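The values are calculated or read from the model by the stated rules, or taken from the named source; none is laboratory data. Everything numeric here is computed off the predicted structure, so don't read it as measured data. Neighbour counts are summed over all protein chains in view; Cβ atoms, including those assigned to glycine, are modelled from backbone coordinates with ideal geometry. When the accessible area is computed, the model is the full protein with side chains, heavy atoms only, and any ligands, DNA or RNA have been set aside. Shrake-Rupley method; radii C 1.70, N 1.55, O 1.52, S 1.80 Å.
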Amino acid sequence: MSQTLTRTIVAPDHQPTTPRYRSKAARIVFGIPYWVFTTALAVIFLYPLIWTGVSSLSPVAGTSQTDGWGFGNYIALADYQAGIWVYLGNSLFVSVLTVALTLFISLLGGYAFARFSFPGKNALFLLTLAILMVPYATLLIPLYVILNAVGLQNSLVGVALVITMFQLPFSMFMMRISFESIPKEMDEAAMVDGCSSWGALWRVLLPAVKPGLVTVGLFAFLTAWNDFMAPLILINDSNRMTLPLAVANLRGQVQGVVDYGATEAGVVVLALPCIVLFLILQRHYVRGFMSGAFKG
């Protein structure tokens, strides 16, 4: 008589949890240096901004705010010569015009370098990038002569053109790698559906490179908003000064004595739009920098 032996293997109710706890502990232990380092960096970068904001409101002898906390330094800044709203308007005009020109030229240039082949393509691209190797200040005097010859010296449009020229190398490079990260099959599919190269750019590729455009526009705005050298050389009319130039003139207007209160108020006014704009666009800004990291 044969007997059938049956062996039943019972799986344990639960798996050992030691490795899980060990991995969590390792993440905590190795994460402590990261959090300490990033917190220290945040304190280093934020402390000057917070200190400037507090100092612009606190009472300090020799400033426009001597009795209690208040906005005396901001009132002094607002009442300086033509008024802060004139200088804010000048800075905003230069910044918006610079952003518009930079986005338009770099969009078309980056598309051409990424999608078309033409004689001297790489040489022209390297020549564009070579502008980065030329010191900014060394070209301002020749540019002053050129703008004077065409009637754009002492003009906010001339300032915007100069800043745009120095923004184009980085912007062109950024837009080229943004377009190169997009598969060419998207262009081909759009053209099969009846789009021209121009139509494929505006209808298909433009939404795909939006993070790159945001990065380029943000850089152009920050550069134009905070630029001091170009307005200093090209502008000689006090009513056409940008805000950085007005703050620099305000700080030493009384017998060479530095008005630190008004200067700190000017720094706060200059920094606030940049901080707000960066916080709004930071997600697209990071994606724009990562757009060229992976291709295909």
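Of the residues L272, L213, L279, which single one is touching a residue at least 60 places away in the same chain (Cβ under 8 Å) and not in a loop (DSSP other than H, G, I, E, B)?
The unique qualifying residue is L213.
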Which condition number in (1) among the polar types (S, T, N, Q); (2) at positive phi; (3) open to solvent by 30 Å² or more (accessible area, probe 1.4 Å) is the one that N154 fails?
(3)
Note on the stretch 140-172: residues free of Cβ contacts under 8 Å to residues at least 60 places away in the same chain and over 12 Å from L234 (Cα atoms) are A149, V150, M165, F166, P169, F170
Quick one: W202 ticks every box in (1) under 24 Å from the mean Cα position of the chain (by Cα); (2) open to solvent by 70 Å² or more (accessible area, probe 1.4 Å); (3) under 27 Å from N90 (Cα atoms) except a single one, so which number is it?
(3)
Confirm whether I163 is among the β-branched types (V, I, T) and either open to solvent by 50 Å² or more (accessible area, probe 1.4 Å) or over 15 Å from T102 (Cβ atoms) (or both).
no
So how many residues does the stretch 72-91 have that are without any contact (Cβ under 8 Å) to a residue 24 or more places away in the chain and open to solvent by 50 Å² or more (accessible area, probe 1.4 Å)?
3
Does P59 satisfy the criteria of being open to solvent by less than 100 Å² (accessible area, probe 1.4 Å) and at pLDDT below 70?
no
Mind checking whether some residue in the stretch 183-196 is in contact (Cβ under 8 Å) with a residue 12 or more places away in the chain, surrounded by 15 or more Cβ atoms within 10 Å (Cβ to Cβ) and not in a helix (DSSP H, G or I)?
no
Among the residues of the stretch 109-139, count how many are assigned to a helix (DSSP H, G or I), out of contact with any Pro (no Cβ under 7 Å at 6 or more places or on another chain) and open to solvent by less than 50 Å² (accessible area, probe 1.4 Å).
10
